[in-house]
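Chemist: Pasting a structure here, questions to come.
The values are calculated or read from the model by the stated rules, or taken from the named source; none is laboratory data. Small disclaimer: the values here were computed from a predicted structure and weren't measured. Ideal geometry is used to build each Cβ from the backbone, glycine not excepted, and the neighbour counts take in all protein chains shown. Just so you know, the surface numbers come from the protein's heavy atoms only, side chains and all, with ligands and any DNA or RNA stripped out. Shrake-Rupley method; radii C 1.70, N 1.55, O 1.52, S 1.80 Å.
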Amino acid sequence: MTSPNVEKEPGPQGDPPVQETRNGPEKRKREYKEFGHDEEKPQHANVDMSKIELKAEDLYDKEKVDLETIVIEDVFKLLQCDENGLSQEEAERRLGLFGPNKLEQEEQNAFFQFLSFMWNPLSWVMEAAALVAIALSNGQGRPPDWPDFVGIVVLLLINSTIGFYEERNAGNAVKALMDSLAPKAKVKRGGQWKEVESAELVPGDMIAFKIGDIVPADCRLTDAVNVSIDQAALTGESLPQSKKVGDQCFSGSTCKQGEAEGVVISTGANTFFGRAASLVGQDDDTTGHLQKILAQIGAFCLVTIGIFVLAEIFCLYAGFRYSYRRGLDNILVLLIGGIPIAMPTVLSVTLAVGAQQLAKHKAIVTRITAIEELAGVTILCSDKTGTLTTNKLTIDRNTIRTYGPFSADDVILLAAYASRTENQDAIDASVVSTLGDTARARAGIKLLDFKPFNPVDKRTEITYLEESSGKLKRVTKGMTGIIIDLCTRNKTEEIQDRLEADVEEFALRGLRALAVAYEELDGDDPAAEGNGFELIGLLAIFDPPREDTKQTIDDAMALGVKVKMVTGDQLAIAKETGRRLGLGDHMYPAKVLKDGPDPNGKHASLDDMILDADGFAGVFPEHKYEIVKRLQGLGHLCAMTGDGANDAPALSRANVGIAVEGATDAARGAADIVLTEPGLSTIVHAIRGSRIIFQRMRNYSIYACAVTIRIVVCFSILAFAYKFDFPPFMILIIALLNDGTIMTLSLDRVLPSNTPDSWDLAEIFSFAVAYGIYLTASTIALVCIIIETDFFQRKFGVTLETNPVQHNDRQLHMVIYLQVAIISQALIFVTRSHSFFFMERPSVALMCAFAIAQLISSIIAAYGNWGFTNIQAVSGGWIGIVWVWNIVWFVPLDWIKFGMKATVIKWLRNRRLRATMEASRAASTGIPITRTQSRAASLHESLYSNRVSFIRRAARKVGFGGKVTVKPEELQRFSSIQAHRTGATLARNPSRTNA
């Protein structure tokens, strides 16, 4: 009995054989359509190898040198090494020369990161207010306004500290994730094999790897025994590729079978996926979507404050002839009270809580604002291999074809006999696993002889003794053209026609065909000729979808998110996967992205085609990048899922990049969300969670803008009408209490929307103006009644410090402080609800924070006899009056909300709907859709750039000793381009032994 060897199933290489039968040549040459790749024959480098010095123009000259394809001897000469490996000293020298074999990430300085929270227009206004209080308030015999200055600085520090703490926590979590993924490599140093960190590898090192290992760097093989490499994470190909001596293996690919040795030609950022990672952030708008929204909300607040500050300057100084210091105090009230200084921090904390909730679903958020953008995602572009599918070959039982007396189950069993049960490659594993019980692959038979796959026969064969009958039998499986050639027993014209049609159908559906044949032997000699092979079946092999993928896609579509497949695999495979997942098979090859749509087709433009397609196949990294970019240009927020280096550019470009479990370093570094367990169900959880978070942020934004209107308009009118000088310090107290309460919005109970969310700032500002004016009226009415009448004094027996009441009575200041503090915070219960405020229960945290803040406000009103500011404590009667007054004014707020929805908001939405319909008609007539950014955003968005992001996108170091730029269309060749750089660097820096 021959001991079975490690086998390799039929690979993609090889031409269909010319078929003949014993009766003579066929009437026609039959073409069994198999998936294949053309082999490149090794060439010599077209340079003088005695002068190993590549000039800059040689780096891109493929006719002169290509480390991927030149003969291995020239590789050793170019890299100045041999098969004994580098010495430890030379390896250390090259490590200093080329850098570590890993993707570098830029570390953020903690101090500057903290200061960055004070670098935005909202903070600048508060900082200006602090300067006004400490520097400009001197004069007229009064000292600097230390209480206001200290209060403003404390407010700024509290907000910055909270934001900084959340950001650093998230950054540390991501760093811990990355640090836990440090792979090892087996390398020959000084003639001895040793294990080192993969980061220590350098060009010229000799490395070894075996089944199950990750290839640690780009290399050329110098020794290979039945090697099969899974490089789906890099190229998108779903089938493992066989490799032989001289072939190139990419860093990050997985050895599925055999053992190999090779010489490293590229490391770190210069490997195949390292160069893809260098595209991360290229042509990328560093100003995130949320920062643009912040910019416009901030601009609204700043413009509102600016208008009323100018009005006060003219009115108070020019009209009322205010003294310098008195006017400044009034202006400080507008600056301190009107600026929503806590906005970046509140939104940051809200997003941080969302990130923690996602972590419970095994998703790590590496860019906090991606959560907000995910809420508005309208299109999800997904890689196929390893993302939508398992990247594990499987036999499709439903498509098995039989040609003889055997059933489909019999064909599977016989194919399993002709498969290895140990040290399996992907195809053997798929065949044997189809049995369910893998022990059946050898049950009831005695193995007599096993012939593994070889490049000539392109098939496997087993000869065995069937124990139940005592007969010798033989089974073979392999490439269709080879197997049918052996089948002398039933190789009829009819059978060949059926087989050809079946293979063609499989090819059209993206299924790989594996033929199975069977024969019996007479006598007891296992080496004897059989009675002739008979074709008994055709198996279809495919990469099946993950179990939860179809449900995930259905759920995403139910949430209003369109899913598109973008894969490097073949078009037929992509269409078949799309049909199985319910995505549809309306897909195109990548070449249409270059050539454009058919002039006679239904699509007027390439953008129209991309928007309509279910997916694209055969794409390179630059194609994925272009698809995402064009969809964004059409106004869509795009999410992209992927696991490989070929996905990295698109992951970076997308509004939300999602790296699935098992993704490469390049994909994780480019992504905004990293999944740490298999499956895509987390994405649906993330979409729902992000929409909850979005609702919280929208509620706060309406509240913050309304408070700005309320403070600025209210105290400006009071200053104009009554020369009312409200103490700036009390506005600081209101701001601090508001911030403390509003922080709990991050835990509030809200319902997610069933469609993608969007920031309609016109609606937000409209609600804010309505609420702000109404609350302004509540305060002005109270002041008018107190000053112009004695209603409260007569009815409730309360008094103030002056009688008749003076306009700047210190107790009147306290009454107004309490009224503003209570009803301003109560507004949040109206903005957070869609119906009546009592119909949607808030979180316990929000209710407790509100109750504590109001208790503190009431205690201050009762006992706040502070000499440094212009206030005086009031009686319990006044506190009760203010509470009743606010309750009376609070109830109609819901009716204002309903009235706004029925009038202004309805009109705004109808106008937006008309604009959308007009844009759609324009697109159908071939007129390009353009979206113009608002002036506020264009003026201010850069000032908010990356303000509330957890960590900046990794800065990739490209090139050895200098940056090398590569055009996107050259991406598929960048591995060899970077390897050339290695040779050039070594030539400029020869080792001492060679000097």
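Chemist: Along the stretch 821-828, what does the Karplus equation 6.51 cos²θ - 1.76 cosθ + 1.60 (θ = phi - 60°) give for ³J(HN,Hα), rounded to whole Hz, x for Gly and Pro?
Modeler: 5, 6, 6, 5, 6, 5, 4, 4
Chemist: About the Cα centre, and with charges only on the beta carbon of Lys, Arg (+1) and Asp, Glu (-1), how big is the dipole of the stretch 406-542? Nearest 20 debye, please.
Modeler: 400
Chemist: Note down the magnitude of the dipole of the stretch 784-897 about its Cα centre, charges +1 on Lys and Arg C-beta and -1 on Asp and Glu C-beta and zero elsewhere, to the nearest 20 debye.
Modeler: Approximately 220 debye in magnitude.
Chemist: Long-range amide H contacts for THR641: which residues qualify at under 5 Å (H placed 1.01 Å from N, peptide plane, sequence gap of 5 or more or a different chain)?
Modeler: Amide H neighbours of THR641: CYS381, SER382, ASP383, ILE658.
Chemist: Net charge near ALA129: determine it from the other residues with C-beta under 12 Å of the C-beta of ALA129, scoring Lys and Arg +1 and Asp and Glu -1.
Modeler: Value of the local net charge: -4.
Chemist: Run the quick spin-label model on ARG579 and ASN398: label points 7 Å from Cα toward the beta carbon, then report their separation in nm to one decimal.
Modeler: The answer from the label model is 1.0 nm.
Chemist: At 1.4 Å probe size, what's the solvent-accessible area of THR390? Round to the nearest 10 Å².
Modeler: So the heavy atoms of THR390 present about 50 Å² to solvent.
Chemist: Highest mean first, how do 524-531, 215-222 rank when packing is the count of other Cβ atoms within 10 Å averaged over residues?
Modeler: Working: 524-531: 12.4, 215-222: 25.5.
Result, highest mean first: 215-222, 524-531.
Chemist: At 1.4 Å probe size, put ILE693, ILE134 in order of accessible surface, largest to smallest.
Modeler: So, going from the largest accessible area down, we get ILE134, ILE693.
Chemist: If N is the number of residues in the stretch 802-890, what value comes out of its Cα radius of gyration divided by 2.2 N^0.38 Å?
Modeler: 1.24
Chemist: So how do PHE98, PHE308 rank on accessible area, 1.4 Å probe, biggest first, that is with the largest at the start?
Modeler: Result, largest first: PHE308, PHE98.
Chemist: For the stretch 878-883, what does the Karplus curve 6.51 cos²θ - 1.76 cosθ + 1.60, with θ = phi - 60°, yield as ³J(HN,Hα) per residue in whole Hz, taken in order and with x for Gly and Pro?
Modeler: Once rounded to whole Hz, the list reads 5, 4, x, 4, 5, 5.
Chemist: Not counting ligands, DNA or RNA, and with a 1.4 Å probe, what is GLU840's accessible surface area in Å² rounded to the nearest 10?
Modeler: The accessible area comes out at roughly 40 Å².
Chemist: Mark the label point 7 Å from the Cα of ALA721 along Cα→Cβ and return the residues of the stretch 761-793 whose backbone N is within less than 18 Å of it.
Modeler: 770-792
Chemist: Another question, then. Testing the spin-label approximation: label points 7 Å from Cα along Cα→Cβ at ILE313 and LEU606. State their distance in nm.
Modeler: Between ILE313 and LEU606, the simple spin-label model gives 5.1 nm.
Chemist: Got a sec to turn the phi values of the stretch 554-570 into Karplus ³J(HN,Hα) couplings, 6.51 cos²θ - 1.76 cosθ + 1.60 with θ = phi - 60°, whole Hz, x for Gly and Pro?
Modeler: Computed from phi, the couplings for the stretch 554-570 are 4, 5, 4, 5, 5, 8, x, 9, 7, 9, 10, 8, 10, 10, x, 6, 6 Hz.
Chemist: Quick one, what does Rg over Rh come out to for the stretch 406-542 if you take C-alpha atoms and the Kirkwood Rh?
Modeler: Taking Rh as the inverse mean 1/r over Cα pairs, Rg/Rh reads 0.95.
Chemist: Further question on the same structure: As a test question: what accessible area, to the nearest 10 Å², does ASP485 have when a 1.4 Å probe is rolled over all protein chains in place?
Modeler: 50
Chemist: Let me ask another. According to a simple spin-label model (label point 7 Å from Cα along Cα-to-Cβ), what is the distance in nm between ARG325 and LYS194?
Modeler: 7.6
Chemist: Report, in whole Å, the centroid distance computed from the Cα atoms of the stretch 421-445 and the stretch 700-715.
Modeler: 70
Chemist: If you don't mind, there's one more thing I want to ask. Arrange the residues ASP223, ASP548 by how much accessible surface each exposes, largest first, with a 1.4 angstrom probe.
Modeler: Values: ASP223 70, ASP548 40 Å².
Largest to smallest exposure gives the sequence ASP223, ASP548.
Chemist: Related question: Over the stretch 567-688, with a single point scatterer placed on each C-alpha, what log10 of the ratio I(q)/I(0) does the Debye formula yield at q = 0.14, 0.16, 0.22 1/Å?
Modeler: Scattering profile of the stretch 567-688, log10 relative to I(0): -0.62, -0.81, -1.40.
Chemist: Given 37 °C and 0.692 mPa s, how large is the Stokes-Einstein diffusion coefficient of the stretch 513-600 in µm²/s, with Rh as the Kirkwood radius over Cα pairs?
Modeler: Roughly 190 µm²/s, to the nearest whole number.
Chemist: When the chain is fully extended, how far beyond the present Cα-Cα distance does ALA443 get from ASP522, taking 0.36 nm per residue of separation?
Modeler: Here the answer is 26.2 nm.
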